[in-house]
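Taking it in order: structure first as structure tokens, then the write-up.
The values are calculated or read from the model by the stated rules, or taken from the named source; none is laboratory data. Please read all numbers here as calculations on a predicted model, not as lab measurements. So basically every Cβ, Gly included, is an ideal-geometry build from the backbone, and we count neighbours across all protein chains shown.
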């Protein structure tokens, strides 16, 4: 089977709260899969069960063909094949970037070269710098470097670009793209819908412990076929029209204006619009 | 491509090197850890000018207590404060996500404690001999006792420190939970006073804990054998000391493994 992650009817409750209320997931070899959902939707619980950090109450889970609840030597062999980038790690920072990477490389059977990883995340200039002297974005890149140092088949990325400036975020997306080229399967959780849209092959929206829909970013929530909004400026001010046939509509507008349409905008719902609608709808 | 992960021991030794390197870079804490017992020795050696029976100086008597409580500070106290912070900052959780097992983490901490203890004791003895007229034992058997006390003492102190690190709820609050325990134990165990001059009930409470036995063991190393008569049992009780410390070591390892938490949740 090509399923890197296979989840059937996963359940987890805390007291009377069903944090995860029967989830199915199939994540394939080599894809970037993004899990979207508001805080408290069951996203973190699901991911932490997949990472082997939490126990589950019911359902079947297979990650790289192994149950994440595995213990002992088998757990070490399993962890040897995965990489995890947690939300935030603040250690004392008394080691250099190079020392930290070289040390973590020792944990794995077939690690990537520390210098090569430093280059991949753009920290090659910082190799001799103490971790405590890094900026927030640089620390985050070090977190990612530690996640990929073991040459993982599967990488968990939890909110990787929180606190990044737009330029750093673009650079980071380039890094994730490069990992995809190498065939790494990635499970990405993020609050940034543009990030999911730029990176993910498929997304799943989770709310109240259930998956509402799994689709590609462009097709989620019927986005590809949703009505487009055409807006323009007439002598009466800004006008707008929702239409299923924007091309036809623009053509007729152009005819009416005899050429250039003032301040023309044709807009499809963004992933964020669709997502908010889905989450809002689920709240009813 | 092999899928053979390095052994827990190999990784433990690598972690030990890393822990020492990290520790050495925290300069204030290195100076404090190494100098604190010497400062205490200086204070007590200056306050109590009288010599005890048989011409033994108070500094000589006090060296035993300083080494014993150094074992408790370097192992138990340091780890019970450091580990909750590592847990709070997420570095433990990150470690959990790697193939390194908990045992490698424990081995690394043991190496850190043992090495910093060895350096600390060496400095204390050198300073004691040069500045405070401390006499080192000439009997090789006393050095044998000294060695097993340091080895078992630091191992037990490490294990109990890891076990107690599960008690504080937060990294920031750890010091407030741990320090009073250590200070009370030090007073009860006769680290700062002549043990046999303490009230009987204090001596009995102290006898339940390892620090009293470490201190008594160290007295057997640094004091003339005529002092054995002054001990509660009228002898050094080396066999019982070894037994009690070994029991605490086993209990410490058991508790450390059973209660260890990678995560705050």
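Filtering A:146, A:142, A:95, A:130 for residues that are within 12 Å of chain B (Cβ to nearest Cβ) and touching a residue at least 60 places away in the same chain (Cβ under 8 Å) leaves a single hit, A:146. From the list A:238, A:250, which one is surrounded by fewer than 16 Cβ atoms within 10 Å (Cβ to Cβ), farther than 30 Å from residue A:9 by Cα and more than 31 Å from the chain's Cα centre (by Cα)? Matching residue, one of A:238, A:250: A:238.
Does residue A:55 qualify as being in a loop (DSSP other than H, G, I, E, B), within 17 Å of residue B:264 (Cβ to Cβ) and either touching a strand residue (DSSP E or B) at 6+ places or on another chain (Cβ under 8 Å) or more than 8 Å from chain B (Cβ to nearest Cβ) (or both)?
yes
Taken over the stretch B:150-163, the criterion of being crowded, with 20+ Cβ neighbours inside 10 Å and more than 24 Å from residue A:89 (Cβ to Cβ) is satisfied by B:150, B:152, B:153, B:154, B:155, B:156, B:157, B:158, B:159, B:160, B:163.
Mind checking whether some residue in the stretch A:23-41 is part of a loop (DSSP other than H, G, I, E, B), more than 12 Å from chain B (Cβ to nearest Cβ) and crowded, with 21+ Cβ neighbours inside 10 Å? Yes, that holds for at least one residue. Against the numbered list (1) surrounded by fewer than 16 Cβ atoms within 10 Å (Cβ to Cβ); (2) under 30 Å from residue A:128 (Cβ atoms); (3) more than 7 Å from chain B (Cβ to nearest Cβ), residue A:110 comes up short only at (3).
Do we have residue A:101 as surrounded by 18 or more Cβ atoms within 10 Å (Cβ to Cβ) and at pLDDT 95 or above here? Even if it seems obvious, please write down each step before you answer.
Working: surrounded by 18 or more Cβ atoms within 10 Å (Cβ to Cβ): yes; at pLDDT 95 or above: yes.
Yes.
The set of residues in the stretch A:63-80 that are within 9 Å of chain B (Cβ to nearest Cβ) and closer than 29 Å to residue A:163 by Cβ contains only A:79. Here residue B:29 meets the list (1) away from every other protein chain (no Cβ under 14 Å); (2) within 18 Å of the chain's Cα centre (by Cα); (3) more than 30 Å from residue A:75 (Cα to Cα) almost entirely, failing just condition (1). Does residue A:83 satisfy the criteria of being in a loop (DSSP other than H, G, I, E, B), within 10 Å of another protein chain (Cβ to nearest Cβ) and crowded, with 20+ Cβ neighbours inside 10 Å? Here the answer is no, as residue A:83 does not meet what is asked.
Taken over the stretch A:109-123, the residue count meeting the criterion of being at pLDDT 90 or above and in contact with a helix residue (DSSP H, G or I) (Cβ under 9 Å, 6 or more places away or on another chain) is 9.
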